[in-house]
Amino acid sequence: MKCRRILLLVMIPGVLFLACHPERSFIGDSDARLKFTLDTVYFDTVFTTIGTVTESFRIKNPHNQFIRIDEISLAGGRSSVFRINLDGEPGVSFKGIEIAPKDSMYVFVEATLDPNGSDEILRIQDSIVFLTNGNTQDVDLVAWGQDVHIIRDSVFDVSTTWIADKPYLILNYAYVDSISALTIEPGVKVYMHRDAMLYVEGSLYVNGTLEEPVLFGGDRLEEFYSDIPGQWGLIYLTANSHDNRINYAEIKNGTMGILISASPESGKRPDLEITNSIINHMSFNGIYALNANVKGTNLVIGECGGSCAGLIYGGSYEFSHCTFANYWRSWFSNRQLPALLLTDYFGNYDADGNLVIYTGGVFEKAEFRNSIIYGNARMELAIDSYDGLQLNYLFDHCLTRIDRDSLDYASDPSFTAIINNENPLFDSIPYSFELDTLSPAIDAGLPAFAVEIPFDLNGNNRLGDDAPDLGAYERIEE
């Protein structure tokens, strides 16, 4: 064995030792091949002009000798939509890469796709080529690209309609002026970047259908992010907004689904009618309504880090055949608020950072009929008045989760035909809140409340049997 002689100085004064360090032995066999942890790197559908997440794989040397890779190159070269980074070094070609026996190194891959001029999702492919001892191997790179309408810091000062030709991507904010309306047609997909907001001073009309609902969600389309809350900001209906209508929408994975509010000083009260819709996976509230008018039917509000619905400082509220089901997963954070919260006060910080408590909010009404209010906390319904006043509310034919020590609903005439602390037996939590065969909510509704809402969120007839089921879904036996 050849060796190089080097001097090693050890902590023995005056003594010098000679040591032998072996030369590296490289495998030169043309049959020696690399191994890879992936044979194809896939990117889920990504928006053109917007960079992808970073994916990675490892190159492994399975041999008992060093191996020298003559060249690693991106087949598409500098014109490729893909970018590679080898152990922290970016480039399109790398030469003379050495890997120790049984060792490995990382390759990182990203892509930015060019607009394809089509409303269809198109496949884009390239590969990373490895040349070692005269043999060639490759790892494929595959992405699906989708053109989008990019809405960045946009102000709509004339009424505008979005159609379902290709998705809309909101970066930072989209602002609907007080004299304008934004109409969103069936099948439109609205993707929101991190912290993005749809800010409505005028009117919002979401016209989804059972067959073609409208989607509001984050712009991370990988499967991992399909149910992760907090990926974007909120839909904000300000004090000036009016005649807002949302029908057949799915609003998911944001910080707050809908904020609709008017300060006590404004003398205004924004309004919203939301029907046949789902709000799910929000890091704060599903709906936060402060001094507002809201009517909801066939509405599901699911997993939220705060309340499914926080009705604050009064207003006028009517909810029929709605499901408020908060099964917030504790590994996100500890939830402190119930699924449904009613208060006649709120706190806010002034310009000097002092907390100011606003009291005396008035509920014209807060009525819940044929609905479910449940979750994985001990108390999922809280009603609180700052001055201990009796608020104007009604719960009629509802399934609830109430701690009797906190709220004595049984002696309160505003509660009628209540099923309390019985598990509604939802089919799939926290994704779908349809009822299982043995649910106590089946046929527990009052038919008179369903006459104006004869079909459930899935389009099933709730008046076809003895009585309607509670919540947004009617159980249909096969």
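Farthest toward the dipole's positive end in the chain, which of THR255, THR40, ILE278, given Cβ charges of +1 (Lys, Arg) and -1 (Asp, Glu) about the Cα centre?
THR40
Hand me the GluC sites (Glu not before Pro) from the stretch 210-294 located in a DSSP loop with no more than 16 other Cβ atoms within 10 Å, in residue order please.
GLU211, GLU222
Which whole-Hz ³J(HN,Hα) couplings does the stretch 265-273 yield from phi under the Karplus relation 6.51 cos²θ - 1.76 cosθ + 1.60, θ = phi - 60°, glycine and proline marked x?
6, 6, x, 10, 8, x, 10, 8, 10
Can you order the peptides 453-462, 226-235 by their average number of other Cβ atoms within 10 Å per residue, highest first?
Final packing ranking: 226-235, 453-462.
Express as a percent, rounded to the nearest 5, the fraction of DSSP beta bridges in the chain (both residues included) that run antiparallel.
Numbers: 51 of 159 bridges.
Antiparallel bridges make up about 30 percent of those DSSP assigns within the chain.
Amide H to amide H under 5 Å from ASN392: which residues, 5+ apart in sequence or cross-chain, H placed 1.01 Å off N in plane?
Distant-sequence amide H within range of ASN392: PHE363.
Short version: ³J(HN,Hα) in whole Hz for each residue of the stretch 161-177, in order, from phi by Karplus 6.51 cos²θ - 1.76 cosθ + 1.60 (θ = phi - 60°), x for Gly and Pro, what are they?
Couplings: 10, 9, 10, 8, 7, 8, x, 10, 10, 8, 10, 6, 7, 10, 10, 9, 5 Hz.
Just by accessible area at a 1.4 angstrom probe, what is the order of TYR349, TYR317 from largest to smallest?
TYR349, TYR317
Mind ranking THR238, THR136 by accessible surface for me, highest first, 1.4 Å probe?
Order by accessible area, largest first: THR136, THR238.
What figure in square angstrom, to the nearest 10, would you give for the accessible area of PHE66 with a 1.4 Å probe?
Accessible surface of PHE66 is approximately 40 Å².
So which trypsin sites (Lys or Arg not before Pro) in the stretch 91-195 are both in a DSSP loop and have at most 14 other Cβ atoms within 10 Å of their Cβ?
Loop-located and lightly packed - LYS102, ARG194.
Would you count, across the chain, every pair of lysines whose alpha carbons are under 19 angstrom apart, provided the pair is eight or more residues apart or spans two chains?
10
Suppose every Lys and Arg Cβ carries +1 and every Asp and Glu Cβ carries -1, with no other charges. What dipole size does the stretch 21-80 come out with about its Cα centre, to the nearest 20 debye?
With Lys and Arg at +1 and Asp and Glu at -1, about 120 debye.
As a check on your grasp of the helix formula, calculate [θ] at 222 nm for the chain: sum -39500 (n - 2.57) over DSSP H runs of n ≥ 4, divide by the residue count, round to the nearest 500.
0 deg cm²/dmol
Could you go through the stretch 401-417 in sequence order and give the Karplus-derived ³J(HN,Hα) for each residue, using 6.51 cos²θ - 1.76 cosθ + 1.60 with θ = phi - 60°, rounded to whole Hz, and x for Gly and Pro?
Going residue by residue, I get 10, 10, 7, 4, 6, 9, 8, 7, 5, 5, 9, 9, x, 7, 10, 9, 6 Hz, with x marking Gly and Pro.
LYS102: net charge of surrounding residues, Cβ under 12 Å, Lys/Arg +1, Asp/Glu -1, itself excluded?
+1
Roughly how big is the stretch 199-273's charge dipole about its Cα centre, with Cβ charges of +1 (Lys, Arg) and -1 (Asp, Glu), in debye to the nearest 20?
Values: 5 positive and 12 negative charges, 63 e Å.
The dipole magnitude comes to about 300 debye.
Any idea what the dipole of the chain comes to, in debye rounded to 20, about its Cα centre with Lys/Arg Cβ at +1 and Asp/Glu Cβ at -1?
2400 debye
Please report the antiparallel percentage of the DSSP beta bridges confined to the stretch 247-369, to the nearest 5.
Numbers: 4 of 44 bridges.
Antiparallel: roughly 10 percent of the beta bridges in the stretch 247-369.
Run the accessible area of the stretch 346-478 with a 1.4 Å probe and give the carbon-and-sulfur part as a rounded percent.
Looking at the stretch 346-478 in its full context, I get 46 percent from C and S.
Can you tell which of PRO468, SER203, LEU394 lies farthest toward the positive end of the dipole of the chain, using +1 and -1 charges on the Cβ of basic and acidic side chains (Lys, Arg; Asp, Glu)?
SER203
What value does the stretch 377-449 have for Rg/Rh, both radii from Cα atoms and Rh as Kirkwood defines it? Each step should come with its number before you reach the end.
Details: Rg = 14.0 Å, Rh = 13.9 Å.
Taking Rg over the Kirkwood Rh, I get 1.01.
With Cβ to Cβ distances under 10 Å as the rule, what net charge do the other residues near ASP456 carry (K, R +1; D, E -1)?
Here the charged neighbours net out to -1.
Taking a probe of 1.4 angstrom, what is the accessible area of VAL158 in Å², to the nearest 10?
Approximately 90 Å² of VAL158 is accessible to the 1.4 Å probe.
Which value, in nm² and rounded to one decimal, describes the direction-averaged projected area of the C-alpha convex hull of the chain?
Numbers: hull surface 141.4 nm².
If I average the Cα hull's projected area over directions, I get 35.4 nm².
Quick check on the stretch 59-206: of the DSSP beta bridges with both residues there, what percent are antiparallel, nearest 5%?
Of the beta bridges lying entirely in the stretch 59-206, close to 60 percent run antiparallel.
Quick one: which residues, 5 or more positions from THR132 or on another chain, have an amide H under 5 Å from its amide H? H modelled 1.01 Å from N in the peptide plane, none for Pro or chain starts.
ASP70, GLN137
Using the heavy atoms of the protein chains alone and a 1.4 angstrom probe, what is the accessible area of the chain per residue in square angstrom? Don't jump to the answer; show the numbers that get you there.
Details: 22230 Å² over 478 residues.
Spelled out: the 1.4 Å probe surface of the chain, per residue, equals 46 Å².
In terms of solvent-accessible area of protein heavy atoms at a 1.4 angstrom probe, what is the ranking of VAL300, VAL356, highest value first? Let's see the in-between values first.
Numbers: VAL300 0, VAL356 50 Å².
Accessible-area ranking of VAL300, VAL356, largest first: VAL356, VAL300.
Around VAL155, under 12 Å between beta carbons, what's the net of Lys plus Arg minus Asp minus Glu among the other residues?
-3
The values are calculated or read from the model by the stated rules, or taken from the named source; none is laboratory data. None of these values were measured; they are calculated from a predicted model. Every residue, glycine among them, receives a Cβ derived from its backbone with ideal geometry; neighbour counts consider all protein chains shown. When the accessible area is computed, the model is the full protein with side chains, heavy atoms only, and any ligands, DNA or RNA have been set aside. Shrake-Rupley method; radii C 1.70, N 1.55, O 1.52, S 1.80 Å.
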